[in-house]
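K.L.:
Here it is: the structure, laid out below.
The values are calculated or read from the model by the stated rules, or taken from the named source; none is laboratory data. This is a predicted model, so every value here is computed, not measured. In this analysis, Cβ positions are derived from the backbone assuming ideal geometry, glycine residues included, and neighbour counts consider all displayed protein chains. With ligands, DNA and RNA removed, areas are computed over all heavy atoms of the protein, side chains included. Shrake-Rupley method; radii C 1.70, N 1.55, O 1.52, S 1.80 Å.
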Amino acid sequence: MQQGLKSQQAFDWRIDSWQDKPARQQASYPDQHQLLDVLQQLADLPPLVTSWEINTLRNEMAMAQRGERFVLQGGDCSENFQECNSSVITNRLKVLLQMSLILTHGLQMPVTRIGRFAGQYAKPRSSDVETRDGVTLPSYRGDIVNATDFDEQSRTPDPRRLLRAHARSAMTLNFVRGLVDGGFTSLHHPEYWNLSWVEHSPLAERFQQLTREIGQSIRFMEIVSGIQTGKLRRADFYTAHEALHLHYEQALTRQVPRVEGWHNLSTHFPWIGMRTAELDGAHVEFFRGVRNPMGIKIGPGMDKDWLMGLLEALNPGREDGRVTLIHRMGVKHIADYLPQLISHVQASGQPVTWICDPMHGNTESTAEGIKTRRFENIQSELEQAFDIHAACGSILGGVHLELTGENVTECTGGARALKDVDLKKAYKTTVDPRLNYEQALELSMLIVHKRQSLQT
Ligand code: PEP
Ligand code: CO
């Protein structure tokens, strides 16, 4: 750890040294004075998470790296201000809890839950502008920057949104912490976090059987140990978001008394996407000076030199749990690209936690132009990921999914065999298609099944 810090200091990093580098995917604010004023206000506001939580998560990521834990990272592609409400938040927690229970039980190891929430408000876009009927306006970059409506006022980046994003993240996190502390996640009260759909689902019998088995195991443990598990274990959640908007990230990155280094206190687990991961770019510059455990998304365009450069820049001290590589290759490419990347990492001796995102490489459009993902492709990429890591002697430490606790119809397939024509029934996302709760639970069961088949 010490070694890591020293090497970082030797690189002459400053909290704003990223501003000397090219920064991709940033909003262009018409009023710079207003932006600076807002950033000052943000920098004076309390942080959202603490360095203790961040350091605990880094230890958990190190365990996942060694195969002692499994990471479940999931949530919306993008949160929006409107859906910062109690039912969306509780349903999201419920589905993550249920999935983690299936995984803990089936994999026989603790699960680290990381939500794409309380700050997932910035989105990378393939183009800076969007043109409709001859009118060109800035692209929608997430609620932290502008609004989706296609008119000039909505699409003009507004710095005040940074404060609203911070406030909504705080409200979300406050509610999550309250629910967790209040016993909502207690294993003794599955009725709190059961989703009502379970009774009507094709998977109902399997899920209820599992809940019964878990209940029996808990009671058994309490009898033999004489300790009430409810007092021992409380399901914790960590937060994550794509750390895209560097002014926002900078304003929430702080030095904490008696703790060395800088921590990004806007989230526990920031990640950078491949679109902003150039070696000489602003995002890598910023994050090499920040102590959080962090993710890097990698797709088919990632090559050896780039990857080695990233690991050297972001983890010069080779700290366990610091870097997580989230691979998102797509069902057609994973077999061609992933094995080489794994062997380059192995040869380098760099410690890395591997997570599979089977969503982002599998986005397609239906004949009618609706953005969707097929469950069978998501499943297949994930299963291939387990096989490839096993064949390479590497460890797949977790999954990264886009999902919701709502009953949406955005991805096709799954136990209810949703078809393209069903997508319109409840298609809500403004960005990427998400697994609905049923598809998400089904995928957890399939993960367990796959892991068990590899062990026998
Ligand atoms: C995302 O996670 O929502 C995302 C945009 O992913 P990627 O950068 O991997 O495409
Ligand atoms: Co997405």
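K.L.:
Within region 59-76, which residues are within 16 Å of ligand 1 (Cβ to nearest atom) and either more than 27 Å from Val345 (Cβ to Cβ) or free of Cβ contacts under 8 Å to residues at least 60 places away in the same chain (or both)?
P.N.:
If the condition is that a residue be within 16 Å of ligand 1 (Cβ to nearest atom) and either more than 27 Å from Val345 (Cβ to Cβ) or free of Cβ contacts under 8 Å to residues at least 60 places away in the same chain (or both), then Asp76 is the only one that fits.
K.L.:
Among the residues of region 121-174 satisfying the criterion of being of a type in the set (Lys, Arg) and more than 16 Å from ligand 2 (Cβ to nearest atom), which is surrounded by the fewest Cβ atoms within 10 Å (Cβ to Cβ)?
P.N.:
For region 121-174, the residue satisfying everything is Arg132.
K.L.:
Next up: Tell me which helices (runs of 4 or more DSSP H) are completely within region 1-112 and hold 2 or more residues being modelled with pLDDT under 95 and more than 19 Å from Arg291 (Cα to Cα), or say none if there are none.
P.N.:
By residue number, 86-107.
K.L.:
Just to be sure, is Val345 over 26 Å from Arg69 (Cα atoms) and aliphatic (A, V, I, L, M)?
P.N.:
no
K.L.:
Is it the case that region 80-95 has a residue that's within 16 Å of ligand 2 (Cβ to nearest atom), within 19 Å of the chain's Cα centre (by Cα) and of a type in the set (D, E, K, R)?
P.N.:
Yes, some residue in region 80-95 is within 16 Å of ligand 2 (Cβ to nearest atom), within 19 Å of the chain's Cα centre (by Cα) and of a type in the set (D, E, K, R).
K.L.:
Next question, about the same structure. Tell me which of these Gly405 doesn't satisfy, since it passes every other one: (1) away from ligand 1 (no atom under 16 Å from the Cβ); (2) assigned to a loop (DSSP other than H, G, I, E, B); (3) open to solvent by 20 Å² or more (accessible area, probe 1.4 Å).
P.N.:
(3)
Listed here are the residues, each with its yes/no results for (1) under 24 Å from Met294 (Cα atoms); (2) away from ligand 1 (no atom under 15 Å from the Cβ); (3) open to solvent by 10 Å² or more (accessible area, probe 1.4 Å); (4) more than 21 Å from the chain's Cα centre (by Cα).
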site	(1), (2), (3), (4)
Ile334	yes, no, no, no
Gln340	yes, yes, yes, yes
Ile355	yes, no, no, no
Pro358	yes, no, no, no
Glu368	no, yes, yes, yes
Arg373	no, no, no, no
Val399	yes, no, no, no
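K.L.:
Can you find, within region 424-456, the residue that is most open to solvent (accessible area, probe 1.4 Å) among those that are free of Cβ contacts under 8 Å to residues at least 60 places away in the same chain and of a type in the set (Ser, Thr, Tyr)?
P.N.:
The qualifying residue most open to solvent (accessible area, probe 1.4 Å) is Thr456.
K.L.:
Please find, among Val345, Val421, the residue that is of a type in the set (A, V, I, L, M), surrounded by 20 or more Cβ atoms within 10 Å (Cβ to Cβ), away from ligand 1 (no atom under 16 Å from the Cβ) and part of a helix (DSSP H, G or I).
P.N.:
Of the residues listed, the single one that is of a type in the set (A, V, I, L, M), surrounded by 20 or more Cβ atoms within 10 Å (Cβ to Cβ), away from ligand 1 (no atom under 16 Å from the Cβ) and part of a helix (DSSP H, G or I) is Val345.
K.L.:
Further question on the same structure: Filter region 428-456 down to residues that are closer than 16 Å to Gly75 by Cα, away from ligand 1 (no atom under 16 Å from the Cβ) and part of a loop (DSSP other than H, G, I, E, B), then give me how many there are.
P.N.:
Final tally of qualifying residues: 1.
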